[in-house]
Amino acid sequence: MHGLTRSLVALAGATAAFAASIPKGAPTVHLDKATFYGLHNGSADMFLGIPYAQPPVGNLRYRQPVAVEPYTGIHNATEFGFSCPGIEDPPPSGPFETVLDDLLDDKFPGLQNSTQPQNEDCLTANIWVPKGAKKGDKYPVVLWLHLGAFVYGGSSSYNGGFVVERSVENGQPIIYVSINYRLAAFGFLPGKEAQAAGITNLGMRDQRQALRWIQTYIESFGGDPTRVTIWGVNAGSESAACQMLTNNGDTEGLFSGAVMQSGFPLPLNNYTQLQSTYDGLVNATNCTTASNTLDCLRELPFETLYNGMINLPLEQRTSGWQLILDFDFIPDQPPTLLMEGKVAKVPYIMGDTDDEGTETALFFTSTITTDDELFSYVQNELVPGISDNETSQILELYPADPAAGSPFDTGDANAITPEFKRLSAIIGDLEFHGQRRFFLNQTAHLMPSYTWLSKLYKDIPYVGSGTVTDDLNLYGPGALTDYLINFVALGTPNNGTGLEWPTWTKSSPNILTIVNNTETPLLITDDTFRSEGINLLIELNLQHPE
């Protein structure tokens, strides 16, 4: 056969094989020498489960993330990848669960009950684009960081197509990227051994690698790598804040804005303070006699390591895996970095729900029922090291009056115990409202800064406008979603229509307040509520960071 004829036949065969491998009409994207095909999702196209780093398995377990090799071949991108291994201890049960299930089923198309099987090979990205998006469209991009206290959760619970479709309807089309990142013992291993090996905060390093992947590949999806907003809730919000603080605020050109909801960097434990968690894992996996315990953990079968993690005592199992001060990825205590101005100089939005402390307080309804028990908990657990006088000051500012407690604005309702609403208020102000207000105070003069407060869903028993309603605020059609889409697209939440959302400044601490009122659901109010109590909690938290 003539050489040219042979080449044409081979080319025809390859084309036929290519066509046969990709479903007719499926959206495709070309990355390196590969073609990925996805699915149509309404007015969006989606590409799921694309690796953004090499699988952290085998010798890459407990290593910093490694960039993917150039892609080749044809790939099916129609299903979510595995979730990263984590821990899911059941939350306190109560009648609010039924109310939440009804809300999720009926009103929130952006949330879905989709839990993927767990596997270490989990570092994948999901990309939703406006239908027909192509290279050169230069759409702005959001990177979504999921919640889960750094021990559970995954990207498959969120339908990014809802956000993209909404952005198209609003005339501000954006691209939405979500990722999985390593969790619990696989992503946040503490201890001097992890510190010496440079593998602390691996989940955060995974997020950073995903941002680098976006810089390399998002143009092929029609995105603009110069307009990337990091956006997270709860642990994802803490993650976004820490991405602003790593490298002493140097973004490396990886992102240009941030949205943080219900999660801000508290003073952190350092790597030695959680040594007992590392030692417990070593003991639970029979690595205690190994000459190098980290190598032993790295070489264990997955099931052995996973079972060792989930069988640790409750406190270590749920609280032992967290962001830690490693003087590397996180170069200093977050409050110190903020006070020194070592933060990314990019516009940001941050917000809270009104009743952030209720869900945590539910864990203590059987153990904190008296003034003395609350006194002890505040002094020894919430702000360890404060004096009797300082503890008394806190309790004076948060009195034993159910009508003054959280859920706020619910009168005497929801007072499960005499201390429940009081404790809820203290936790919410210490760990959420105080941290948000401190972040704003330290940075609002450096870049445009916006903040909001949601008072929706007060009818959820015991929880009210709790942390659990964060997703309801973002993944249901509403004004907040539209404001945040504007921010991703324009760098400001305002687009010339509707209520103007002003920036927050020390002289004018404006806060967008979202309320259950059909006539005026949006208000601009002063971010000065409970100032005396919150200021005291901020001051004591800075004086006693551990």
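The values are calculated or read from the model by the stated rules, or taken from the named source; none is laboratory data. These numbers come from a predicted model, not from an experiment. For neighbour counting, all protein chains shown are included, and Cβ atoms are generated from backbone atoms with ideal geometry for every residue, glycine included.
Figures for the structure shown
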item: Any chance GLY81 is at pLDDT 90 or above, exposed (fewer than 15 other Cβ atoms within 10 Å of the Cβ), of a type outside the set (A, V, I, L, M) and touching a strand residue (DSSP E or B) at 6+ places or on another chain (Cβ under 9 Å); result: no
item: Which numbered condition THR226 fails, given (1) under 21 Å from VAL29 (Cβ atoms); (2) touching a residue at least 60 places away in the same chain (Cβ under 8 Å); result: (2)
item: Positions within segment 190-230 being surrounded by fewer than 20 Cβ atoms within 10 Å (Cβ to Cβ) and within 20 Å of VAL129 (Cα to Cα), in sequence order; result: ARG212, GLN215, THR216, GLU219, SER220, ASP224, PRO225, THR226
item: Criterion: closer than 30 Å to ILE514 by Cβ, of a type outside the set (A, V, I, L, M, F, W, C) and modelled with pLDDT of 95 or more - qualifying residue of ASP355, ASP371; result: ASP355
item: All positions within segment 158-188 that are outside any loop (DSSP other than H, G, I, E, B) and on the phi > 0 side of the Ramachandran plot; result: ALA184
item: Checking LEU472 against (1) farther than 30 Å from MET244 by Cα; (2) in a helix (DSSP H, G or I), the condition it does not meet; result: (1)
item: Check on LEU499, out of contact with any Ser or Thr (no Cβ under 6 Å at 6 or more places or on another chain), surrounded by 20 or more Cβ atoms within 10 Å (Cβ to Cβ) and modelled with pLDDT of 90 or more; result: no
item: Looking only at segment 485-537, and only at residues there that are among the β-branched types (Val, Ile, Thr) and part of a loop (DSSP other than H, G, I, E, B), the one that is nearest to VAL141 (Cα to Cα); result: THR492
item: Answer residue from segment 511-524, given it is touching a residue at least 24 places away in the same chain (Cβ under 8 Å) and not aliphatic (A, V, I, L, M) and is surrounded by the most Cβ atoms within 10 Å (Cβ to Cβ) among those; result: THR513
item: Of all residues in segment 141-173 being aliphatic (A, V, I, L, M) and under 30 Å from LEU323 (Cα atoms), the one that is surrounded by the fewest Cβ atoms within 10 Å (Cβ to Cβ); result: ALA149
item: Out of LEU338, LEU312, LEU297, sole residue that is closer than 29 Å to TYR176 by Cβ and among the aliphatic types (A, V, I, L, M); result: LEU338
item: PHE432 outside any helix (DSSP H, G or I), surrounded by 15 or more Cβ atoms within 10 Å (Cβ to Cβ) and out of contact with any Leu (no Cβ under 8 Å at 6 or more places or on another chain); result: no
item: Unmet criterion (only one of (1) out of contact with any helix residue (DSSP H, G or I) (no Cβ under 8 Å at 6 or more places or on another chain); (2) among the small types (Gly, Ala, Ser); (3) surrounded by 15 or more Cβ atoms within 10 Å (Cβ to Cβ)) for SER291; result: (3)
item: Qualifying residue in segment 398-418 (condition: farther than 17 Å from ILE460 by Cβ, among the hydroxyl-bearing types (Ser, Thr, Tyr) and modelled with pLDDT of 95 or more); result: yes
